[in-house]
Amino acid sequence: MNECFGKKFILNGEIQPADHFDNSMVYEGDSIYEVIRMYKGSPVFFSDHMERLTLSTTLQKKKMLASPEILKRDILALTRTDKRKETNLKIVFNYNNDSSSYLVYFIEPIYPTEEQYRIGVKGILYYAERKDPASKVINHKLRSSIYHKLILDGGYEALLVNEKGLITEGSRSNIFFLKGDILYTAPDNMILNGITRKHILDICTLQHIEVLQKCIAADKISGYDAVFMTGTSPMVLPFCYIDTIPFNPGNPVIEKLRRLYIERVEESISMFRDNKK
């Protein structure tokens, strides 16, 4: 299935028709990427994503194939060809043997429903860890294996468990556990520090919500009141189950964090629009 979800895409700064898109341009060779949520037609937390893209290329000892200024221009050009208000946008730097190229394109969004925000979703434990957690690098084999496991178990997200039996992060999200008034999340150096996670941690500081950076053992999760994930598409989404263990998706702390995060999203797109002028 073609990953490009739009009428056009951008290849090395040039607008191309979607029928010229080939998934091999993304999945052959090595690829570093960012997925940005488009909200009301504008990218959310654009500057944060550019900082992480720059960091990923540095950690992987690759060169930036386009500057943030060029990528901003490309995003604006692409949105003029296809005025999607709510979708995700993907930026890929692909390095394949002696050639390299960058792509900017829309991907089909999978957003939670209002019911899922209300009643929560099912998570599963998956025993694996990413090789380079600080870099956003495509690992097609791991992603495919997790996807099949989620289908078999009827899960929404997989919580990755390392060789020490500790939960580090989700397959496409960061994970928070809540016990009483204290939140727990894995240390920065053990995960891909998501943009949504970064803003949730900042909100917690401003709201005087205590956060401990500590991995939770997979066999101890039943001792926690609530669990939620953060990410580009889910934003702040509670779990109702992890495997067969139930959790409270209606915890007021989760709803408060989600509301305050959405306020930041609105501020972010206002800043992007103001800077366009």
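The values are calculated or read from the model by the stated rules, or taken from the named source; none is laboratory data. Nothing here was measured: the structure is a model prediction, and the numbers come from that model. Counting neighbours? That spans all protein chains shown, and the Cβs are built from the backbone with ideal geometry, glycine included. When the accessible area is computed, the model is the full protein with side chains, heavy atoms only, and any ligands, DNA or RNA have been set aside. Shrake-Rupley method; radii C 1.70, N 1.55, O 1.52, S 1.80 Å.
Select, from Lys220, Lys141, Lys131, the only residue that is out of contact with any strand residue (DSSP E or B) (no Cβ under 9 Å at 6 or more places or on another chain) and within 30 Å of Lys63 (Cα to Cα). Exactly one residue qualifies, and that residue is Lys141.
Annotation note: of Phe177, Phe272, the sole residue that is over 17 Å from Glu129 (Cβ atoms) and modelled with pLDDT of 95 or more is Phe177.
State which residue is least open to solvent (accessible area, probe 1.4 Å) when the search covers only the range 161-194 and only residues that are acidic (Asp, Glu) and within 21 Å of the chain's Cα centre (by Cα). Let's see the steps before the verdict.
Narrowing the range 161-194 to residues acidic (Asp, Glu): 163, 169, 181, 188.
Subset that is within 21 Å of the chain's Cα centre (by Cα): 169, 188.
Numbers: Glu169: 7, Asp188: 70 Å².
Out of the qualifying residues, it is Glu169.
Looking across the range 1-17, the residues that are modelled with pLDDT of 95 or more and among the aliphatic types (A, V, I, L, M) come down to Ile10, Leu11, Ile15. Does at least one position in the range 134-152 carry a residue that is touching a residue at least 12 places away in the same chain (Cβ under 8 Å), among the basic types (Lys, Arg), over 30 Å from Asp225 (Cβ atoms) and in a loop (DSSP other than H, G, I, E, B)? Yes, that holds for at least one residue.
Every test in (1) open to solvent by 10 Å² or more (accessible area, probe 1.4 Å); (2) over 26 Å from Arg143 (Cα atoms); (3) assigned to a helix (DSSP H, G or I); (4) of a type outside the set (Asp, Glu) is passed by Ile15 save one, and that test is (3).
Conditions (1) of a type in the set (A, V, I, L, M, F, W, C); (2) in a loop (DSSP other than H, G, I, E, B), marked per residue:
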position: Ala158; (1), (2): yes, no
position: Glu163; (1), (2): no, yes
position: Arg172; (1), (2): no, yes
position: Asn189; (1), (2): no, no
position: Leu192; (1), (2): yes, yes
position: Asp202; (1), (2): no, no
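How many of the residues making up the range 218-277 are assigned to a helix (DSSP H, G or I), within 20 Å of the chain's Cα centre (by Cα), among the β-branched types (Val, Ile, Thr) and surrounded by 14 or more Cβ atoms within 10 Å (Cβ to Cβ)?
First, the residues of the range 218-277 that are assigned to a helix (DSSP H, G or I): 218-223, 252-276.
The next check asks that each one be within 20 Å of the chain's Cα centre (by Cα); those that pass are 254-255, 257-269, 272.
Now narrow it down to the ones that are among the β-branched types (Val, Ile, Thr): 254, 262, 265, 269.
The next check asks that each one be surrounded by 14 or more Cβ atoms within 10 Å (Cβ to Cβ); those that pass are 254, 265, 269.
Going through the range 218-277 one residue at a time, the tally reaches 3.
Of the residues Glu51, Glu34, Glu28, Glu108, the single one that is open to solvent by 30 Å² or more (accessible area, probe 1.4 Å), closer than 26 Å to Ser173 by Cα and either among the hydrophobic types (A, V, I, L, M, F, W, C) or touching a strand residue (DSSP E or B) at 6+ places or on another chain (Cβ under 7 Å) (or both) is Glu28. Is it the case, given these coordinates, that Ala158 is in contact with a Phe, Trp or Tyr (Cβ under 7 Å, 6 or more places away or on another chain) and modelled with pLDDT of 95 or more? Yes.
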